[in-house]
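Heads up, the thing below is written out as structure tokens.
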Amino acid sequence: MGGHQVVPDANGHLKENNYLNCDKSIKSWLLTLDHKRIAILYLVSILSFFFVGGISALIMRSHLAMPQAQVISPDLYNALFTLHGVLMIFLFIVPGIPATMGNFLLPLMIGAKDVAFPRLNLFSYYIYVVGALIGFVAIINPVWLIDYLQGMAQGVWNPLDTGWTFYTPYSTSTGAGEGWGVILMTFAAFVLGFSSILTGLNFIVTIHKLRAPGMNWMRLPVLVWGLYATSVIQTLATPVVGITLILLIVERVLGIGIFDPAKGGDPVLYQHFFWFYSHPVVYIMVLPAFGVVGEIIPVMSRKPIFGYKAVVFASIGIAAVAFIVWAHHMFTSGMSAFSAAIFSALTFGVAVPTAVKVFNWVSTMYKGSIRFDSAMLYAMAFVFLFMIAGTTGVYLAVLGVDIYYHDTYFVVAHFHYTIQGGAVIGLIAALHFWFPKMFGKFYNEGWAKFSFWLLFFGFNLTFLPQFVLGMEGMPRRYYDYLPEFSSMHQLSTVGAFFNGLGYTLALLNLTTSAIWGKRLAPSNPYNSLGLEWQCPSPPPHDNFITPPVVTSGSYDYGYPIEERSKA
Amino acid sequence: MFRFLPEQASTIAPEVDFLNNLITDLSVFFTVAIVGSMLYFAWKYRRRNGVDHPTPRIEGSHTLEIIWTAVPTAVCIFLGWAGIVVYNDMKHVPENAMTINVTGWKWAWEFQYQNGKKSGGQGAELVVPVNQPIKLVMTSRDVLHSFFIPAMRVKQDVVPGKYSYVSFTPVKTGLYDVYCTEYCGTRHSYMLAKVRVVSAEEFEAWISHDPTEGLAPSDLGKQLYTSLGCNACHSLADGVRLVGPSFYKSFGREGKLSDGSNYSADENYIRESILNPNIKLVDGYAANLMPSFDGRLDESQLNALIAFIKAQDGSAPPAPAVNISLGDEEEDLSKLSPKERGEKLYSAKACIGCHTLDGSNLVGPTFKGSYGSKRELQDGSSVTVDDAYITESILQPMTKVAKGFAPAMPPYEGQLSESEVKDLIEFIKTVK
């Protein structure tokens, strides 16, 4: 495909022979080795799962609009929050930004033609697809499924109802798949994790080996640093899922007590394994979103990112500390007071670098020339929502207070502020910001802003009342609740529908603009110094027409400080 | 601002709330300050008329970085330290604490006091005297649960196979909610209980009403032998083997285990066999039939059971093969309704050991709502639970075993008269 004529117009828009239309066959999409097309494949997949996960959330919220409601059965409710958690975490937001925006942007941002191992990149995608299928089978109950396929389905359908945390011994004893459900689900997590490992390794090698001449480490965009930190976590944490899987199978097949107390095992051990993987995963979700915000704010403010080195080292610091704080999910599990104190103290090791990042983002706007495209609104919303996520995280890190909030709606609200307010808003911000580059078109800015406000309002209306519920003592994963919690639940339900509508409109706007949009985008609509904006929009298959040479930093906006007197 | 915590009913509550409210105030302050500066910058430095104005190249400031690393660090160290202090106070058990055993299972709590008094089941009340430090020693029979009393500000996971504890000192009389806060299945949200805090006098009056008080250990053991359902499988008669070995002269018995080694039935052996029945099986008995009683018994109950087994030393006349009386012998059973007789049989014949009335499944399926329901069997077929099926399941339990349950029930053929079976069915019908 390198043989195609690549002739952008004067604005840098590439109408013919860009990566989207250089080969139009279905096969060329499904077997593509182009990092940009693989990013699009991932994007379509994860947004489908986001949609299904969102619908399951809305069904739950509808049920919770009234106490003693019988909208759905308790078992269906339990299955829905399991489905919601599994889809949103393992299939949507873990691959989230790295597999979509990371795949698309990483080679562009460092001036490379592609990632280091394009075939491995495609292989990762298909491993992800296989993992997603296994996960689906696990959720809908393999034993029931086999019966059904043999025409023997009978009795009540019994889907996986363990919650996305799969705590033993409930998960190994529940009717769902008679204990095999959780093994299959762990296998799915392992397969999905393997996809993450391969993507992670691919990114690490790409960043080390394929940087354009002059793109030294301290000139790397902060998003690349975020992706780098994420890749390291993915590569190191995922093998733990494999160990857990083998232990579950050993217990199941050989009857050796590992997690099951009836066999002499320790259920709390399972929690350690689970969180040793799943805590770092939180940073897999959110570190790339930090990177996205760190890209948008400098461009939209025309200022260098404030304290570049501090921002970078904060990312690396968070990635390092991510591995040693897992037990803060387990303060009520009966661990010793000494370990609880240690894990509480370590947890604050995440709080400080996160605070540093926030200070730096806000300071970047100081004396800027700030434009308010919808991407910037999302970035600013991110800062606000992440402040709430971060400060409510403090309650949960403080040992004596966490005991009260553990497993209440406070925790539900807190992690939705971090994961939805952080990672998902980060992804949506990124999609808006880089949309002109990805599709060579502009989306409808009016609709984008309208859906932003709807989404922002709906999100806060959904989850702020849940903080109140948590403070009042409402436990999570409750099918029913006492009447005194009604009003907050109702606010939350109303908010959820606004939130869902906001996402739907935002993504519809992007989708329709990508397909039918008329306004063509130039190569660099924001006048950004980032390398990814220096190639045509949409980029050709091989990205840059001539291999780039980097001579300045990614954020050298504004006049040099020595020339202040000229202002 | 933002004060939503429930009323304070324990000594630790004000400490937790103080720290909680301090975090709230600090959070509001920092959020307003930071988001406020962001909004201020956004307004003050907004681009006007779509044209960029010149901006300075400010790349950072070491001073500022040091300040905004040091300030959050200091705040964090203080809050972390305070959190540990509060937590230690919370976990500290005063020497005069009253110990109460708590058992959780799907989906109810049971509270047992040191004099043996118990209250349990869904909506059970934990009655405690005001101003008296309480220590709950907790375990679970099945899966993880968590014991949460918002008004006391305490919470602790309840783990099968081990004990965990929670301690609090109630300071206000009243009725407080207890929630299960570790997801445990279908009826997790209904696994509720109450804490009733009463005056010391009221507590004395309540606690002294106890049927097991003053019992000799072997008499308490005799009650447990029936109420826990040991009698379903272990006879007290010489040479009568039901599912498990007879207790007759079993203390001190010696013989071979299934692995070929020798055993001697001393206190430790019996204790181990109750808590972990499958570790040392007497030769000739099958594994995995007896459920583990680990977590279901406290030490005094274990001692009582061992004392009871010891007492079966042949000094009393050997019991008949089925040694189950309907309790008070003087009581004229014919005066009772069939349902009431069935209810008595339910405990006397030890159905209670394996079949609950509250909807939870132990060794066998629960009786709650069973009559008239459809049941899947192990061979894949299904039946309606009617008189014929129940009769067959009592007399010949192995013929139609419900799906998901082990074939563990002993046959009652010859142990129950036809009218007794009918009484039991009448009772089962009423459990809805």
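The values are calculated or read from the model by the stated rules, or taken from the named source; none is laboratory data. The shown structure was predicted, so the numbers you read here are calculated from the model rather than taken from an experiment. No Cβ is skipped: glycine too gets one built from the backbone with ideal geometry, and neighbour counts run over all protein chains shown. Protein only, heavy atoms only, side chains kept; ligands, DNA and RNA dropped before computing areas. Shrake-Rupley method; radii C 1.70, N 1.55, O 1.52, S 1.80 Å.
One line per residue, one yes/no per condition, for (1) over 19 Å from the mean Cα position of the chain (by Cα); (2) modelled with pLDDT of 95 or more:
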site	(1), (2)
B:Ala82	yes, yes
B:Tyr87	yes, yes
B:Lys91	yes, no
B:Thr103	no, no
B:Gln122	no, no
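I need the full set of residues from segment A:280-294 which are open to solvent by less than 10 Å² (accessible area, probe 1.4 Å) and either of a type outside the set (Val, Ile, Thr) or at positive phi (or both), in order please. Write out each step before concluding.
Going through segment A:280-294, the residues open to solvent by less than 10 Å² (accessible area, probe 1.4 Å) turn out to be A:280-281, A:284-294.
Once the filter is applied, which keeps residues that are open to solvent by less than 10 Å² (accessible area, probe 1.4 Å) and either of a type outside the set (Val, Ile, Thr) or at positive phi (or both), segment A:280-294 yields A:Pro280, A:Met285, A:Leu287, A:Pro288, A:Ala289, A:Phe290, A:Gly291, A:Gly294.
Within segment A:216-248, being more than 30 Å from A:Met185 (Cβ to Cβ) and surrounded by fewer than 24 Cβ atoms within 10 Å (Cβ to Cβ) holds for A:Asn216, A:Trp217, A:Met218, A:Arg219, A:Leu220.
Out of curiosity, is A:Phe306 surrounded by 20 or more Cβ atoms within 10 Å (Cβ to Cβ) and of a type in the set (Phe, Trp, Tyr)?
Values: surrounded by 20 or more Cβ atoms within 10 Å (Cβ to Cβ): yes; of a type in the set (Phe, Trp, Tyr): yes.
When the stated conditions are applied, A:Phe306 passes them.
A single member of A:Pro539, A:Pro522, A:Pro547 is touching a His at 6+ places or on another chain (Cβ under 6 Å) and not polar (S, T, N, Q), and it is A:Pro522.
In the list A:Asp75, A:Asp23, which residue meets the criterion of being of a type in the set (Asp, Glu), open to solvent by 30 Å² or more (accessible area, probe 1.4 Å) and either away from chain B (no Cβ under 14 Å) or assigned to a loop (DSSP other than H, G, I, E, B) (or both)? Explain how you work it out, then say what you get.
Working: A:Asp75 fails: either away from chain B (no Cβ under 14 Å) or assigned to a loop (DSSP other than H, G, I, E, B) (or both).
Going through A:Asp75, A:Asp23 in turn, just one is of a type in the set (Asp, Glu), open to solvent by 30 Å² or more (accessible area, probe 1.4 Å) and either away from chain B (no Cβ under 14 Å) or assigned to a loop (DSSP other than H, G, I, E, B) (or both): A:Asp23.
Considering segment B:62-102, and only residues there that are part of a loop (DSSP other than H, G, I, E, B) and touching a residue at least 12 places away in the same chain (Cβ under 8 Å), the residue that is nearest to the other protein chains (Cβ to nearest Cβ) turns out to be B:His92.
Scan segment B:104-153 for residues that are open to solvent by 10 Å² or more (accessible area, probe 1.4 Å), of a type in the set (Val, Ile, Thr) and closer than 18 Å to A:Pro261 by Cβ and the total you get is 1. The sole residue among A:Val115, A:Val130 that is over 21 Å from A:Val293 (Cβ atoms), modelled with pLDDT of 95 or more and open to solvent by 20 Å² or more (accessible area, probe 1.4 Å) is A:Val130. Do you know which of the residues in segment B:31-61 that are open to solvent by less than 30 Å² (accessible area, probe 1.4 Å) and outside any loop (DSSP other than H, G, I, E, B) is modelled with the lowest pLDDT? Applying the filter and picking the extreme gives B:Pro56. Filtering segment B:248-276 to residues that are free of Cβ contacts under 8 Å to residues at least 24 places away in the same chain, farther than 18 Å from B:Ala304 by Cβ and open to solvent by less than 70 Å² (accessible area, probe 1.4 Å) leaves B:Gly252, B:Gly260, B:Ser261, B:Tyr263, B:Ser264, B:Asn276. Screening segment A:249-274 for residues that are among the aliphatic types (A, V, I, L, M) and assigned to a helix (DSSP H, G or I) and picking the one that is surrounded by the most Cβ atoms within 10 Å (Cβ to Cβ) gives A:Val268.
If the requirement is being in a helix (DSSP H, G or I), more than 23 Å from the chain's Cα centre (by Cα) and facing another protein chain (nearest Cβ under 10 Å), which of these qualifies: A:Ser333, A:Ser339, A:Ser344? Exactly one of A:Ser333, A:Ser339, A:Ser344 is in a helix (DSSP H, G or I), more than 23 Å from the chain's Cα centre (by Cα) and facing another protein chain (nearest Cβ under 10 Å), namely A:Ser344. Within segment B:1-17, the residues that satisfy the criterion of being open to solvent by less than 70 Å² (accessible area, probe 1.4 Å) and among the charged types (D, E, K, R) are B:Glu15, B:Asp17.
Based on this model, can you work out whether A:His416 counts as surrounded by fewer than 23 Cβ atoms within 10 Å (Cβ to Cβ) and either more than 14 Å from chain B (Cβ to nearest Cβ) or over 30 Å from B:Asp157 (Cβ atoms) (or both)?
Numbers: surrounded by fewer than 23 Cβ atoms within 10 Å (Cβ to Cβ): yes; either more than 14 Å from chain B (Cβ to nearest Cβ) or over 30 Å from B:Asp157 (Cβ atoms) (or both): yes.
In short, yes.
I'm trying to understand the selection: among the residues of segment A:34-63, which are aliphatic (A, V, I, L, M) and within 21 Å of A:Thr504 (Cβ to Cβ)? Walk me through it before giving the result.
Narrowing segment A:34-63 to residues aliphatic (A, V, I, L, M): A:38-41, A:43-44, A:46-47, A:52, A:55, A:57-60.
Within segment A:34-63, A:Ile40, A:Leu43, A:Val44, A:Ile46, A:Leu47, A:Val52, A:Ile55, A:Ala57, A:Leu58, A:Ile59, A:Met60 qualify.
Restricted to segment B:18-30, and to residues there that are open to solvent by 10 Å² or more (accessible area, probe 1.4 Å) and either of a type in the set (Asp, Glu) or free of Cβ contacts under 8 Å to residues at least 24 places away in the same chain (or both), the residue that is nearest to A:Met471 (Cα to Cα) is B:Asn21. Restricting segment B:155-181 to residues that are open to solvent by 10 Å² or more (accessible area, probe 1.4 Å), closer than 25 Å to B:Asp298 by Cα and assigned to a loop (DSSP other than H, G, I, E, B), the residue that is farthest from the other protein chains (Cβ to nearest Cβ) is B:Thr169.
Looking across segment B:138-154, the residues that are facing another protein chain (nearest Cβ under 8 Å) and within 17 Å of A:Thr168 (Cα to Cα) come down to B:Asp142, B:Val143, B:Leu144, B:Ser146. Please specify each residue of segment A:359-391 satisfying the condition of being among the β-branched types (Val, Ile, Thr), open to solvent by 10 Å² or more (accessible area, probe 1.4 Å) and more than 7 Å from chain B (Cβ to nearest Cβ). Result: no residue meets the conditions.
The rows are residues; the columns are (1) open to solvent by 40 Å² or more (accessible area, probe 1.4 Å); (2) more than 24 Å from B:Ala151 (Cβ to Cβ); (3) more than 14 Å from chain B (Cβ to nearest Cβ).
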position: A:Leu455; (1), (2), (3): no, yes, yes
position: A:Pro475; (1), (2), (3): no, no, no
position: A:Glu484; (1), (2), (3): yes, no, no
position: A:Phe498; (1), (2), (3): yes, yes, yes
position: A:Tyr503; (1), (2), (3): no, yes, yes
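Taking segment A:309-320 as the range and being surrounded by fewer than 24 Cβ atoms within 10 Å (Cβ to Cβ) and not hydrophobic (A, V, I, L, M, F, W, C) as the test, the residues that pass are A:Lys309, A:Gly317. Here is the figure for segment B:381-432: residues that are of a type outside the set (S, T, N, Q), under 21 Å from B:Asn231 (Cβ atoms) and without any contact (Cβ under 8 Å) to a residue 40 or more places away in the chain total 10.
Being surrounded by 18 or more Cβ atoms within 10 Å (Cβ to Cβ) and in contact (Cβ under 8 Å) with a residue 24 or more places away in the chain: is that true of B:Glu376 here? Quick ask: steps written out before the conclusion?
Numbers: surrounded by 18 or more Cβ atoms within 10 Å (Cβ to Cβ): no; in contact (Cβ under 8 Å) with a residue 24 or more places away in the chain: yes.
Answer is no for this residue.
You will find that of A:Thr162, A:Thr168, A:Thr172, the residue that is at pLDDT 65 or above, within 13 Å of chain B (Cβ to nearest Cβ), over 23 Å from the mean Cα position of the chain (by Cα) and open to solvent by less than 10 Å² (accessible area, probe 1.4 Å) is A:Thr168 and no other.
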